[in-house]
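Participant: Here's a structure for you.
The values are calculated or read from the model by the stated rules, or taken from the named source; none is laboratory data. Because the structure is a prediction, the values reported are computed rather than measured. For neighbour counting, all protein chains shown are included, and Cβ atoms are generated from backbone atoms with ideal geometry for every residue, glycine included.
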Amino acid sequence: MDREKNDTRALIAGIESDAKNEADQLLQEARQKSEERIKYAQKQADSILKDAEERADRQAEAVQKKILSGVEIEVRRKSMQIKDRIMGEILNQVRSKLAELIEGEEYKEILFQWIVEAGLGLDAERAFVNASKREKDIIDSKLLTRAARKVEDLSGIHVEFSLSDGNPLGAQGVVLYSEDGKTAFNNQVSTRILRKQRQIRDIIYTRLFDEEG
């Protein structure tokens, strides 16, 4: 009887020991898995944080570039405004100076050159010359004959110029019309400036701003 009790106690003790060992093993495995999950979660958190920092850096860099680009564009815009204003002022001075020259003796030679240039551009054997009232008072038959002879020397074509009996032009400069009135060459000051605007702009940019136009 005592032997049976001892055997029973030994069996129970063995079961309890096995159960304790298994529980300890399960607890150890649970702790290990928990640690692994914590480490994995930490890695994920670190990765997410790193991605967020990289995105934030990229966004900050993009914003900085956008701001700098906007500043650069604004600087260029202001620079162009200043250059255009200076160019406009210079051209206004040119117009004023040419208007003042009308009263001088040398202006007759300027009209001669403009008529010759317009005559070559018109390329007609007969043409009428019109200008502002003050300029028409300066243009005489002698000037027209000399201008026609110069055009003939340069082009090899005989031409004749006559002063137009039409209403005077409202702006400074000359306009030549063909005899049939179908073609004309405008050599007024405003038109000449427009034709030479690129050249004038290049000169201003090179001399005043030390850059190519």
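Participant: Being exposed (fewer than 15 other Cβ atoms within 10 Å of the Cβ), under 29 Å from residue 205 (Cβ atoms) and in contact (Cβ under 8 Å) with a residue 24 or more places away in the chain: is that true of residue 67 here?
Facilitator: Details: exposed (fewer than 15 other Cβ atoms within 10 Å of the Cβ): yes; under 29 Å from residue 205 (Cβ atoms): yes; in contact (Cβ under 8 Å) with a residue 24 or more places away in the chain: no.
No: the conditions fail for residue 67.
Participant: Looking at this structure, is residue 130 under 13 Å from residue 185 (Cβ atoms) and not in a helix (DSSP H, G or I)?
Facilitator: On the way: under 13 Å from residue 185 (Cβ atoms): yes; not in a helix (DSSP H, G or I): yes.
When the stated conditions are applied, residue 130 passes them.
Participant: Could you run through the stretch 49-89 and say how many residues are at pLDDT below 75 and of a type in the set (A, V, I, L, M, F, W, C)?
Facilitator: Going through the stretch 49-89 one residue at a time, the tally reaches 6.
Participant: Also, I was wondering about something else. Can residue 57 be described as assigned to a helix (DSSP H, G or I) and more than 22 Å from residue 206 (Cβ to Cβ)? Show your work before the answer.
Facilitator: Numbers: assigned to a helix (DSSP H, G or I): yes; more than 22 Å from residue 206 (Cβ to Cβ): yes.
The answer is yes for residue 57.
Participant: Which condition number in (1) surrounded by 14 or more Cβ atoms within 10 Å (Cβ to Cβ); (2) farther than 18 Å from residue 183 by Cβ is the one that residue 97 fails?
Facilitator: The single condition residue 97 does not satisfy is (1).
Participant: How many residues are acidic (Asp, Glu) and outside any helix (DSSP H, G or I) when one looks only at the stretch 133-163? Walk me through it before giving the result.
Facilitator: Restricting attention to the stretch 133-163, the residues satisfying the condition of being acidic (Asp, Glu) are 135, 137, 140, 152-153, 160.
Next, only the ones that are outside any helix (DSSP H, G or I) stay: 140, 160.
Number satisfying all stated conditions: 2.
Participant: I'm trying to understand the selection: among the residues of the stretch 116-133, which are under 13 Å from residue 159 (Cα atoms), free of Cβ contacts under 8 Å to residues at least 60 places away in the same chain and under 39 Å from the mean Cα position of the chain (by Cα)?
Facilitator: 116, 120, 123
Participant: Can I ask one more? When residue 162 is evaluated against the numbered criteria (1) under 30 Å from residue 89 (Cα atoms); (2) free of Cβ contacts under 8 Å to residues at least 60 places away in the same chain; (3) surrounded by fewer than 18 Cβ atoms within 10 Å (Cβ to Cβ); (4) not aliphatic (A, V, I, L, M), which criterion, by number, is the only one it fails?
Facilitator: (1)
Participant: Now, a different point. Just give me the residues in the stretch 75-93 being exposed (fewer than 13 other Cβ atoms within 10 Å of the Cβ) and either over 22 Å from the mean Cα position of the chain (by Cα) or charged (D, E, K, R) (or both), in sequence order.
Facilitator: Of all residues in the stretch 75-93, those exposed (fewer than 13 other Cβ atoms within 10 Å of the Cβ) come to 75-82, 84-85, 88-89, 92-93.
Listed by number, the residues that qualify are 76, 77, 78, 84, 85, 89, 92, 93.
Participant: Kindly check whether there is at least one residue in the stretch 97-114 that is part of a helix (DSSP H, G or I), in contact with a strand residue (DSSP E or B) (Cβ under 7 Å, 6 or more places away or on another chain), at pLDDT 95 or above and not acidic (Asp, Glu).
Facilitator: Narrowing the stretch 97-114 to residues part of a helix (DSSP H, G or I): 97-101, 107-114.
Then keep just the ones that are in contact with a strand residue (DSSP E or B) (Cβ under 7 Å, 6 or more places away or on another chain); that gives 111, 114.
From what's left, at pLDDT 95 or above: 111, 114.
Checking which are not acidic (Asp, Glu) leaves us with 111, 114.
Scanning the stretch 97-114 turns up at least one residue that is part of a helix (DSSP H, G or I), in contact with a strand residue (DSSP E or B) (Cβ under 7 Å, 6 or more places away or on another chain), at pLDDT 95 or above and not acidic (Asp, Glu).
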